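Here, each number is a calculation from the coordinates, and none is a lab measurement. From a predicted model like this one, the values you see are computed outputs, not experimental measurements. Here the Cβ positions follow ideal geometry from the backbone for every residue, glycine too, while neighbour counts run over all protein chains shown.
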Amino acid sequence: MKMRTAAMVAATTSLAFTLAACSGSSDNGDGSNTPAPESSSTTSDSAMAEVAGEITVLTNRTDLVDTVFADYKSTFEAKYPDVEVKFEAITDYEGEVATRMSTDDYGDVLLIPNSVNASDYPDFFEPLGSVDELSQTYRFIGSEANFDGQSYGIAITGNANGLVYNKKVWADAGVTADPTTPEEFQKDLQMISDNTDATPLYTNYADGWPLTQWESDRGGVTANANAVNELADTDAPWSEGMDHYIIDSLIFDAAAAGNIEEDPTTTNWEQSKTDLGTGKIGAMALGSWAIVQMQEAADDAADIGYMPFPNQVDGTFHSVISGDYKNGINVHSENKAAARAWIDWFADESGYATDQGGISPRLDGPTPDTLKDFDAAGVEYIELTPPPAGQESLVSDIDNAAEIGLWSPDYRQRIVDAARGARDETKQDIFDDLNSKWAEARASVEG
Amino acid sequence: MSFFSTPVRPNAVRAAQDSRSGRQRFFQGATPWLFLIVPLIFLCLFTLLPVANMIWYSFTEWNGLSKDKEYVGLGNYIEFFTRPELFRVFLVSLYYFVASFVQMGLALYFATILSFNTRFKNLFKGILFFPYLINGVAIGFTFLYFFRPGGTLDASLAALGLEQFQQQWLGNPDLINFSLSGTSVWRYMGLNFVLFLGAIQSVNPSLYEASSLDGAGKWQQFRYIILPSIRPIVGLSMILAISGSLAVFEIPYIMTGGANGSMTFVIQTINMAFKFNKVGLASAMAVILLLIVLIITWIQRRLVPDEKVNLT
């Protein structure tokens, strides 16, 4: 009997754990709806409050925490001698921190996890100031990490979106200019496939998350800053001419033509960096943050180029720029003034964004070298329009209800599978199915 | 309850003991519980409480983070049972279920062979049990390299001149579940093997001697001595196999993340909770999985009752 019980407990509790462990005592949270405007005065007072004490900073950069971040710490502590900074680097940042947020102990300064709904910000983070005020100085304030007119996070760096590619491979294949239409892009991939040994377009299917990088191109494809908000107004995001249709068709067509990796299920992200650098891969769709990493893995950093999504509107390329993770302050922090000082210092003085090849969070920050290719191609940057008040989480609510997962790899894996013949569906079948799920979810969410 | 009192004692002592206060007897009764208190606290804190919590979540609509959970009664359960696509993943479990019989067959075969006098017996025992000791993540990555195009498997086939059998072991949707369940067999056979071997070695050796005097061959010894004596262990392995194949998670999650038709029930549950933030529905699915395992176990115990085995 004991053996049997043990067996069953073993089989089921592990699941119970993962599901249950992430809640803790969250529902008896005191003052769960702290009115935001009231606390904004606290932050404007922060200059008066003493910048002192110990702060813990959570970061996802396990690779930099002992080197670059140690330097930041000494520079910052030289400026604010009463503050002691501690770092906690977390490998599975997104998953671990979201779980920890059900307790009070999630650092003083942390990168706001992407999975937090806008409407939950006031429960977890200290407002940094009004959107109107902060957006005078910083980028991405209006479009991200805000709720009810208050901003809750300042980006650590910003990214443009497009495709990293190996210039040498493209030149060897005989391609001379950035493709300006999806059709031209497909033709170029075919040329790479015919004339070189490289895999023309690498999807990184198995790792999954690289497939979600395509999602960042929405808006830039059709040069429509309001594209994401408009998702909430349409029953069919996957109809001709819309961002998702163009992006996902591009993936489907490339896969259907056999111009992606031979067996997508066994790809490897770390390996793909070297392969792009050494000319075994033609291109990958990634944010501009990846350029530096690719250059490091390349034989010759000059081989690595960056091209915008191949779709011009009125003869111009467009690329969406968006904030990376945003630094926010734990609402339970005891040294909020010191935490605030760190956030401001990180955005204004640390130089993190520039060092990482990203767009500075400051409006007056420098343009990074990594985006020189974009300057040459005359790419216009677009910042997405923030959602209207009260609809901050509407699109993600619809997405969750539909179980499509715009930001999870699953539905694009399905597209790749169908295109390479591993699923019995046509492109139109998938788009019809996605559209009907979207319409249904939209009806249920908007009531 | 009389763990600590020696049963046979001189009369005088026993009389003296009986006259002691009830307090003493209370402590004697409580002793085992005192020893058990720590494990019991752990059991409640880390097993029963989370399960109770999970059951409560399954009646709510909750995104996993918000402070407020909305009570929806049986809503999540109704949603689950009215969405047939959520059931379809159980078909994938069938691959693992069938594979677990292959696994038990192989384990039984090796355990029997190695319970007789075989050359390099201990070496083979070590080799067979070794995979079970390896971390599941490491196994996932090893087999990713094993199955990838031009990987170990393809290279071995080429070395044997069998190039025509090379194919996309994970890329082919008709093959992927065979590849993954094969990996699972490789990993877990060692455990079955050790369980069986232990049971076989507890068989009284004189039985073999007696049976061979009666002219029994190895097969007859297996059929009429070994198999009946290890029936309880085979029964246990069956339950583990069934619950294991319903709750497959680690290997497909690490190797494919459930892509290309390898989605299992548990991966689907995890996705529901953490990708689509439907913790309520996911908890309901977890509770349903728990119930299914309990019911199957109960049926299995009904069909194959637990008998005391006594061959001597």
(request) Run the dipole for chain B about the Cα centre, Lys and Arg Cβ at +1, Asp and Glu Cβ at -1, nothing else charged, and hand back the magnitude in debye, nearest 20. (result) 1040 debye
(request) Starting at the first residue of the stretch A:298-315, write each ³J(HN,Hα) from the Karplus equation 6.51 cos²θ - 1.76 cosθ + 1.60 with θ = phi - 60°, in whole Hz, x for Gly and Pro. (result) 8, 4, 10, 4, 5, 6, 7, x, 9, 10, x, 4, x, 8, 8, 10, 6, x
(request) Check each of the GluC sites (Glu not before Pro) in the stretch A:299-391 and keep only those in coil by DSSP with at most 14 other C-beta atoms within 10 angstrom; list them in order. (result) A:Glu334, A:Glu349
(message) Once you order the gyration tensor axes a ≥ b ≥ c over the Cα atoms, which shape class does the stretch B:84-303 get: rounded for a/c under 1.5, otherwise prolate or oblate by comparing a/b with b/c?
(response) oblate
(message) Amide H of A:Gly129 versus every other amide H placed in the peptide plane: which residues, excluding those fewer than 5 positions away on the same chain, fall under 5 Å?
(response) A:Ser151
(request) Enumerate the lysines that A:Lys79 could reach by cross-link, defined here as Cα to Cα under 25 Å, with residues fewer than 8 away along the same chain left out. (result) A:Lys326, A:Lys336
(request) Relative to the longest principal axis of the C-alpha atoms of chain A, give the angle of the C-alpha long axis of helix A:182-195, reported between 0 and 90° and rounded to the nearest 10°. (result) 70 degrees
(message) If I build a Gaussian network model for chain A, linking alpha-carbon pairs within less than 10 angstrom, which residue out of A:Pro237, A:Pro308, A:Pro81 has the largest mean-square fluctuation?
(response) A:Pro81
(message) Using DSSP H assignments, which helices in chain B have an axial alpha-carbon span of 15 Å or above and a mean Kyte-Doolittle hydropathy of -1.0 or higher?
(response) B:22-43, B:90-115, B:121-133, B:136-147, B:176-201, B:231-246, B:279-303
(request) Give the shape of the stretch A:76-208 as rounded, prolate or oblate, defined through the alpha-carbon gyration tensor: a ≥ b ≥ c are the square roots of its eigenvalues, a/c under 1.5 means rounded, and otherwise the shape is prolate if a/b is larger than b/c and oblate if not. (result) prolate
(message) Sort B:Leu281, A:Leu64 by Cβ crowding within 10 Å, fewest neighbours at the top.
(response) A:Leu64, B:Leu281
(request) Would you pull out the residues with amide H under 5 Å of A:Asp148's amide H, same chain only if 5 or more places away, H placed 1.01 Å from N? (result) A:Gly390
(request) Starting from the stretch B:32-115, pick out the chymotrypsin sites (Phe, Trp or Tyr not before Pro) whose DSSP state is loop and whose Cβ has at most 15 other Cβ atoms within 10 Å. (result) B:Phe87
(message) Can you work out the Karplus-derived ³J(HN,Hα) for every residue in the stretch A:273-284? Use 6.51 cos²θ - 1.76 cosθ + 1.60 with θ = phi - 60°, whole Hz, and x for glycine or proline.
(response) 5, 5, 5, 5, x, 9, x, 8, 10, x, 8, 9
(message) Compute the helix-to-body angle for A:68-79: its Cα long axis versus the longest principal axis of chain A, expressed 0 to 90° and rounded to tens.
(response) 30 degrees
(request) Pull up all non-local amide H partners of B:Thr60: gap of 5 or more, or a different chain, and H-to-H distance under 5 Å with H placed in the peptide plane. (result) B:Val72
(message) Restricting to Cα pairs below 8 Å that are 6+ residues apart, what does the relative contact order work out to for the stretch B:120-271? Please round to a whole percent.
(response) 28 percent
(request) Order by neighbour count: B:Thr47, A:Thr91, fewest other Cβ atoms within 10 Å first, most last. (result) A:Thr91, B:Thr47
(request) Give me the aspartates and glutamates in straight-line cross-link reach of B:Lys278: C-alpha distance below 15 Å, same-chain residues under 8 apart excluded. (result) A:Asp397, A:Asp399, A:Glu403, B:Glu61, B:Asp68, B:Glu70, B:Glu79
(request) Considering Cα pairs under 8 angstrom that are at least six residues apart, work out the relative contact order of the stretch B:194-312 and quote it in whole percent. (result) 25 percent
(message) Rounded, prolate or oblate for the stretch B:75-142? Axes are the square roots of the Cα gyration tensor eigenvalues, ordered a ≥ b ≥ c, and the cut-off for rounded is a/c under 1.5.
(response) prolate
(message) With a cut-off of 8 Å between alpha carbons and a minimum separation of six or more residues, what is the relative contact order of chain A in percent?
(response) 23 percent
(message) Quick check on the exposure proxy: order B:Ile225, A:Ile304 from fewest to most C-beta atoms within 10 angstrom.
(response) B:Ile225, A:Ile304
(message) Using the Cα atoms of the protein assembly as shown, I'd like the radius of gyration and the largest Cα-Cα distance, Dmax, both in angstrom.
(response) 30.8, 109
(request) Could you please state, rounded to a whole Å, how far the C-alpha centre of the stretch A:92-118 is from the C-alpha centre of the stretch A:202-235? (result) 24 Å
(request) Could you tell me which of A:Ile329, A:Pro310, A:Trp342 has its Cα farthest along the dipole of the stretch A:269-364 towards the positive end, charges placed at Cβ (Lys, Arg +1; Asp, Glu -1), taken about the Cα centre? (result) A:Ile329
(request) Treating the angle as unsigned and between 0 and 90°, give the value, to the nearest 10°, between the Cα long axis of helix A:336-348 and the longest Cα principal axis of chain A. (result) 30 degrees
(request) Could you run the Karplus curve 6.51 cos²θ - 1.76 cosθ + 1.60 with θ = phi - 60° over the stretch A:173-180 and give me ³J(HN,Hα) per residue in whole Hz, x for Gly and Pro? (result) 6, x, 8, 10, 10, 4, x, 10
(request) At a Cα cut-off below 17 Å, give the aspartates and glutamates reachable from B:Lys218, other chains included and same-chain residues fewer than 8 away excluded. (result) B:Glu209
(message) Just want the answer: with Cβ charges of +1 for Lys and Arg and -1 for Asp and Glu, which residue in B:Gly257, B:Phe178, B:Gly105 is farthest toward the dipole's positive end in the stretch B:84-303?
(response) B:Gly105
